[in-house]
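As structure tokens, the structure follows; a few thoughts come after it.
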Amino acid sequence: MIDLTTPIIPYEGTGIFKLNSSYDEIINLLKENDISYEIEVSNNYTGQAWTTIVICKEGSPKEYSAIELVFAKNRLFKICLCEDFEGTLPNGIHTGISIQEAKKIDKNLKQDEDWDEVYISPDGYWLEYSNRNLNIIIISIFIPALERDDFFDYKW
């Protein structure tokens, strides 16, 4: 069973999931902790395969994932914490609060230029909100290299 209440630490991870871990390390952790998961593989625009491990809250359908672990070149570079995840960022932001409330907490949040429903924090996380009710539905944390222009060279 997975703990869905662990703190969310930008540039580091949450609970047993640490950014920059290898794919095999994470698969072993999932098996050791008897955590059910599904695997999805897609190619990004550079042609590099990305593998996503999807973990759902027990009893929830896949569409309501709690955690998505995203790998490239065998390394965990991004963790998406979705609506069923109950942990919080160090500043108290968590899924389910409104984007307006999050902007009051983190005054440095800036709306992404490419994705209307995404806000970016210089503190190492992204917030995605629902345009239906303006509540945060995903908090993403990532390795520092994701913020660099050369990220897609995969030399991190």
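The values are calculated or read from the model by the stated rules, or taken from the named source; none is laboratory data. Computed from a predicted model, the values in this text were never measured in an experiment. Glycine also receives a Cβ, built like all others from the backbone with ideal geometry; neighbour counts cover every protein chain displayed. Heads up: the accessible areas ignore ligands, DNA and RNA and are worked out on the full protein's heavy atoms, side chains in. Shrake-Rupley method; radii C 1.70, N 1.55, O 1.52, S 1.80 Å.
Here are some notes:
- Model label zone, Asp24; criterion: amide N under 13 Å from point 7 Å along Cα-to-beta-carbon; scope region 65-88: 74-75
- At an R0 of 41 angstrom, the distance between the Cβ atoms of Gln48 and Glu101 translates into a FRET efficiency of 0.70.
- Net length gained if the chain between Ile16 and Lys31 were fully extended (0.36 nm per residue, minus Cα distance): 4.2 nm
- Fluctuation leader among Lys73, Lys18, Lys104 - the chain, Gaussian network, Cα springs under 10 angstrom: Lys104
- Accessible area of the chain belonging to carbon and sulfur atoms, whole % at 1.4 Å probe: 46
- Percent breakdown of C-alpha pair distances by 5 Å bin, ordered from the shortest bin, for region 1-97: 3, 13, 24, 25, 20, 11, 4, 0
- The mean accessible area for residues of the chain, using a 1.4 Å probe and ignoring ligands and nucleic acids, is 56 Å² per residue.
- Inter-label distance for Lys110 and Arg148, nm, one decimal - labels placed 7 Å from Cα along Cα-to-Cβ: 1.9
- Longest DSSP-loop-exposure-free segment, GluC sites (Glu not before Pro), the chain, at most 13 other Cβ within 10 Å: 1-57
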